[in-house]
Amino acid sequence: MPPFFNHHDFQYCDKKEDYVLFLGRMQDCKGATIILDLAKSHPEKRFVLAGYSEGSREDRLRIDDRLYDLTGYPNVKHVGHAKPELRREFLSKAKCLIQPSRYKEPFGFNVIEAYLSGTPVITTNWGAFLETVKPEATGFKCSSWGEFDDALKRICQIRPERCLAEGLLYTEQNLYFQYLRYFQELRLETCHMRIAALQKTKKKKGRAALKVRKMDVVEAHHRH
């Protein structure tokens with residue numbers, strides 16, 4: 001079951017600024033180093049990294065010191081953790097959202113949030129992105145650095161209104177009946193399981209009672 005979103009929490013905008021947005025933990029498992037490689041290859045593009053760092057500086061440096069020393073990346077800006085209002089603004093104005101997670105994301109809320117802002121996405125080609133990203137309609141799914149590079153060049157082909165339409169599929173209103181059907185089926189299945197358990201219990205009690213009656217008959221026979 002997918003989660004649902006309130007589209008009023010986001011600001012749709014079809015006039016985009018020329019920056020690529022990343023939202024997430026500043027860790028290599030989230031693909032942050034892939035973004036830095038793209039930034040190095042596209043010095044003409046701006047990249048905004050909005051997310052927090054975890055662990056001590058020593059722990060972070062062991063992941064990749066490029067994430068914490070951006071002096072060699074003049075077109076990359078790390079703004080730290082973005083609070084809701086700033087996050088909303090970043091999502092609405094970004095040319096695209098990039099989420100190059102190296103592991104299989106269970107869902108990836110940022111993708112739907114981007115859609116509701118009219119913003120296309122570039123993601124990896126596994127996990128929940130297989131379902132939430134529609135290639136060449138709402139964004140691009142990539143399996144290699146070359147595909148990320150190509151997607152970045154073609155992202156302007158994606159229309160904001162198409163992204164919004166996809167995002168609206170995940171609103172409470174559109175998912176209401178899907179949730180209702182799921183819980184009705186769950187309730188029905190639970191009822192069937194309870195009935196089966198009761199029938200099984202009755203059969204056991206019936207066999208036990210029959211056994212007792214047989215023993216009573218045998219005892220009565222012996223008494224006579």
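Of everything in the range 10-33 that's buried (at least 21 other Cβ atoms within 10 Å of the Cβ) and touching an Asp or Glu at 6+ places or on another chain (Cβ under 9 Å), which residue is farthest from Thr119 (Cα to Cα)?
Met26
In the range 83-96, is there at least one residue being out of contact with any Pro (no Cβ under 7 Å at 6 or more places or on another chain), in contact (Cβ under 8 Å) with a residue 40 or more places away in the chain and not in a helix (DSSP H, G or I)?
yes
Residues checked against (1) under 14 Å from the mean Cα position of the chain (by Cα); (2) surrounded by 22 or more Cβ atoms within 10 Å (Cβ to Cβ); (3) not assigned by TED's automatic domain parsing to the domain that holds Phe47:
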| site | (1), (2), (3) |
| --- | --- |
| Glu113 | yes, yes, no |
| Ser117 | no, yes, no |
| Pro120 | no, yes, no |
| Thr123 | yes, yes, no |
| Ala128 | yes, no, no |
| Val133 | yes, yes, no |
| Ala137 | no, no, no |
| Phe140 | no, yes, no |
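The values are calculated or read from the model by the stated rules, or taken from the named source; none is laboratory data. Quick caveat, the model's predicted, so the values are computed rather than measured. Using ideal geometry, Cβ is built from the backbone for each residue, glycine included, and neighbour counts are taken over all protein chains shown.
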